[in-house]
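What follows draws every value from the coordinates through simple rules; no lab data is involved. All of these numbers come straight from a predicted model, not from anything done at the bench. Cβ sites come from the backbone with ideal geometry, for glycine too, and all protein chains shown count toward neighbours.
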Amino acid sequence: MANVPFSGIREIFEECDRLEDQGTDIVHLEIGRPDFDTPSPIKQGAIDALDRGDVHYTSNYGIQPLREELATKLEEENDIRYDPDDEIVVTCGATEAVFVTLLGIVEAGDEVLVPDPSWTYSAGIQLAGAEPVTYELDPQTGFQPDIDSLREAVSPETKLLIVNSPNNPTGGVLDEAHATEIRDFAVDNNLLVLSDEIYEKILYDDKTHQSLAALNAMRDRTVTINGFSKAYSMTGWRLGYLAAPAELVDPIIRARQYTSTCASSISQHAGVRAVGSGLHEPMVEAFERRRNRVSERIERIPGMTCPNPTGAFYAFPTLPEGYTDDREFVFSLLRESGVALVPGSVFGDAGKGRLRIAYSNSVERIDEAFDRLEHWL
């Protein structure tokens, strides 16, 4: 455990709490959490479950109605067919889905290819006893995976490749050409793939989502991970899921039995109301307006450049002119101007000299943050 670092994002949260306790007004652009309330029909699903007394343990796989809804969703929206009985597992958020997948699939001596920059997959890999090995995302192509970097990183010990699209922290979206290259690379090297698609519904500029498991020769080697937190503003409900062929689910469900046992029964019944509802669409429209404003404000700051995000709700710009240390920049800005961002280095070596801006706040507060930033600079 000594080799597993504490979350750099949590460090920012704790400093925000300290400053807010002192009366400082903090503009939060560090939190990867939609600021909207959960839509009422989803809440009603939870209320109805409470009224019926659906308050007990469920199957380790999740309640049957939700698994059947997810199977229909995956077939109709992602063009992947899964058996709801033994190929879909409902989890306590996508984070647990990632963790139990790692526990079930990799072991000591294995290597796992992880995008750089990326969300904190490496800690889970280390807890599973394996070794994370990074590959690059290219900012010149909107943070598409660099296939040459993958070829350099793979080894005989490599067992699993992690892909995240839309991406946290960059807002990049995997395009069809790079998805095909990823498929060819995984097949040629006989790799399993963890495809983290938690932001799949948050897309802009007519982008489309590429589910890797839908590509030829990929279903049997891919674990697709998704959830409800981001699209439906259900972060506190702790509801996610994974889908994979039964032979991959078997070791994963064994790990799952000894972690949380099952997701909250109440949250699962609420999730049934969310799948296929379209309730995410107004939130995505709001995120797009915020994305546009963030991009406009970034362009006004000398030295700050950023590929235009096309998915999720993050921008990943370079530091302004004259600055090199992203951690020092973030903490100084937070303490002196009350604007909370995340240092890019939290997400890997490729993030050094960058910032993650989460536009999960109103346009008015985004403008307030950039006004303070410009004054501080």
| Helix 281-299 vs. the chain, principal-axis angle (Cα, 0 to 90°, nearest 10) | 30 degrees
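Quick check: residue separation of Val55 and Gln140 times 0.36 nm, minus the Cα distance between them. What number comes out in nm?
Working: separation 85, 0.36 × 85 = 30.60 nm, distance 4.99 nm.
Answer, rounded to one decimal: 25.6 nm.
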| Against the longest principal axis of the chain, how steep is helix 363-376, in degrees 0 to 90 to the nearest 10, with axes from Cα atoms? | 40 degrees
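Multiply the residue separation of Ala217 and Asp86 by 0.36 nm, subtract the distance between their alpha-carbon atoms, and state the gained length in nm to one decimal. Working shown, then result.
Values: separation 131, 0.36 × 131 = 47.16 nm, distance 2.03 nm.
Full extension of this stretch gives 45.1 nm more.
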| field | Cβ-Cβ FRET estimate between Ser362 and Ile147, R0 fixed at 35 Å, reported to 0.05 | value | 0.35
| task | Let me have the 222 nm mean residue ellipticity of the chain computed from DSSP H runs of 4+ only, each contributing -39500 (n - 2.57), with the sum over all residues rounded to the nearest 500. | result | -12500 deg cm²/dmol
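If you take the beta carbon distance between Ser295 and Thr208 as r and set R0 to 25 Å, what does 1/(1 + (r/R0)^6) give as a FRET efficiency, to the nearest 0.05? Please report the intermediate quantities before stating the final value.
Details: r = 21 Å, r/R0 = 0.82.
With R0 = 25 Å, the Cβ-Cβ based efficiency is 0.75.
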| message | Just checking my list (i) 32, 26, 19; (ii) 45, 22, 19; (iii) 38, 29, 19 against semi-axes √(5λ) of the Cα gyration tensor in Å computed from this structure; which label fits? | response | (i)
| query | Taking only C-alpha pairs under 8 Å that are 6+ residues apart, what is the relative contact order of the chain in percent? | reply | 24 percent
| Theoretical gain in end-to-end length, Phe13 to Glu75 [0.36 nm per residue, Cα-Cα removed] | 18.5 nm
| query | Dipole of the range 228-296 (Lys/Arg Cβ +1, Asp/Glu Cβ -1, origin at the Cα centre): which of Val275, Ile253, Gly236 lies farthest to the positive side? | reply | Gly236
| task | Report the charge-dipole magnitude of the range 263-342 in Debye, nearest 20, computed about the Cα centre from +1 at each Lys and Arg Cβ and -1 at each Asp and Glu Cβ. | result | 300 debye
| request: Report, in whole Å, the centroid distance computed from the Cα atoms of the range 84-104 and the range 275-311. | output: 29 Å
| remark: Given unit charges at Cβ for Lys, Arg (+) and Asp, Glu (-), the dipole magnitude of the chain about its Cα centre in debye, nearest 20, is 660 debye
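By its C-alpha gyration tensor, with a ≥ b ≥ c as the square roots of the eigenvalues, how is the range 1-81 shaped: rounded for a/c under 1.5, else prolate for a/b larger than b/c, else oblate?
Numbers: a/c = 2.16, a/b = 1.77, b/c = 1.22.
Here the range 1-81 falls in the prolate category.
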| said: Quick query: amide H of Thr134 versus all other amide H atoms, modeled in the peptide plane; which residues come in under 5 Å with a sequence gap of 5 or more or a different chain? | reply: Val114
| task | Take the Cα of Ser260, step 7 Å along the line toward its Cβ, and report every residue of the range 12-39 whose backbone nitrogen sits under 12 Å from that point. | result | none
| query | For the chain, what number of Lys pairs, 8 or more residues apart or on separate chains, have alpha-carbon atoms under 21 Å from each other? | reply | 8
| message | Between 0 and 90 degrees, rounded to the nearest ten: what's the tilt of helix 246-257 against the longest Cα principal axis of the chain? | response | 70 degrees
| message | Once you place label points 7 Å from the Cα toward the Cβ at Val187 and Thr24, how far apart are they in nm? | response | 5.3 nm
| task | Just report the Cα centroid separation between the range 337-351 and the range 114-182, whole Å. | result | 19 Å
